[in-house]
Amino acid sequence: MNRLSIPVLFLSLFLAQSAAAQSEEGPFLSRQHLVNYWSANASGGYAIHVFLNMYKVYDHFGFGPALGKVYYQCSDGLIRKNCNSFQGPFTWSSDAVGFVNSLVGAPNGTPIVLDGAYLQQGGWPYAGYFTYKTCYGQSYNGNLLTYVVLVDGYAYGTAYSGISCLPAP
């Protein structure tokens with residue numbers, strides 16, 4: 001065995017273990033990594049539809065109501081169900097409100113606006129404000145798929161820049 005084969009062997013064992021330990025939550029390194037995960041883990045007769053940035057990237061045909069799995073390309077480049085940041089993206093506007101309220105900790109809520117309308121008027125504007133916008137994915141089964149991202153925000157002296165709507169994968 002030459003000197004190069006030992007590190008290559010170690011690396012291949014590490015990658016095999018990390019792939020086996022992958023969680024449904026992510027993170028995934030790429031679209032293909034996400035599709036490979038669901039190809040290997042979609043079992044049984046259930047239908048599964050997997051979406052990335054609100055565009056369908058994988059289908060597993062089956063019975064019953066389909067399980068929908070939604071993932072986003074996060075600002076760190078990894079793909080996850082939840083990016084865990086003020087910027088989002090969030091599948092539901094209520095998720096953005098909950099995330100802001102849990103981290104800002106304002107007693108009566110912080111003003112949060114989505115597309116020009118208040119999601120939460122907030123009784124504690126001194127804590128800051130957050131402005132979100134709706135982004136659009138593909139039309140699927142007659143519905144336009146949407147998600148929410150931060151335009152800008154401010155909390156306790158810290159400004160938060162927004163992000164752009166995510167591209168189609």
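The values are calculated or read from the model by the stated rules, or taken from the named source; none is laboratory data. As the structure is a prediction and not an experimental result, all values here were calculated from the model. Note that each Cβ is placed from the backbone with ideal geometry, even for glycine, and that neighbours are counted across all protein chains shown. Calculation scope for accessible area: heavy atoms of the full protein, side chains included, ligands and nucleic acids excluded. Shrake-Rupley method; radii C 1.70, N 1.55, O 1.52, S 1.80 Å.
Quick look at the values:
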| read-out | value |
| --- | --- |
| Folded to 0 to 90 degrees: helix 31-41 orientation relative to the chain principal axis, Cα | 70 degrees |
| Rounded tilt (10° steps) of 93-104 against the dominant C-alpha axis of the chain | 80 degrees |
| Phe99 accessible area, 1.4 Å probe, all protein chains in place, Å² to nearest 10 | 40 Å² |
| Length released on extending from Ser39 to Ala159, taking residue separation times 0.36 nm less the Cα-Cα span | 39.1 nm |
| Protection proxy ranking of 65-75, 80-90, 138-148 - average other beta-carbon atoms within 10 Å, highest first | 80-90, 65-75, 138-148 |
| Probe 1.4 Å, accessible area per residue of the chain, Å² | 58 Å² |
| Of all accessible heavy-atom area on the chain, the percent that carbon and sulfur account for (1.4 Å) | 58 percent |
| For segment 156-169, Karplus couplings with θ = phi - 60° (6.51, -1.76, 1.60), whole Hz, Gly/Pro x | 6, x, 10, 8, 10, 7, x, 10, 7, 4, 7, x, 5, x |
| Rounded to 10°, Cα long-axis angle of helix 5-20 versus longest principal axis of the chain | 50 degrees |
| Under the Karplus curve 6.51 cos²θ - 1.76 cosθ + 1.60, θ = phi - 60°, whole-Hz ³J(HN,Hα) for segment 111-123, x wherever Gly or Pro sits | x, 10, 10, 10, 6, x, 10, 5, 8, 8, 6, x, x |
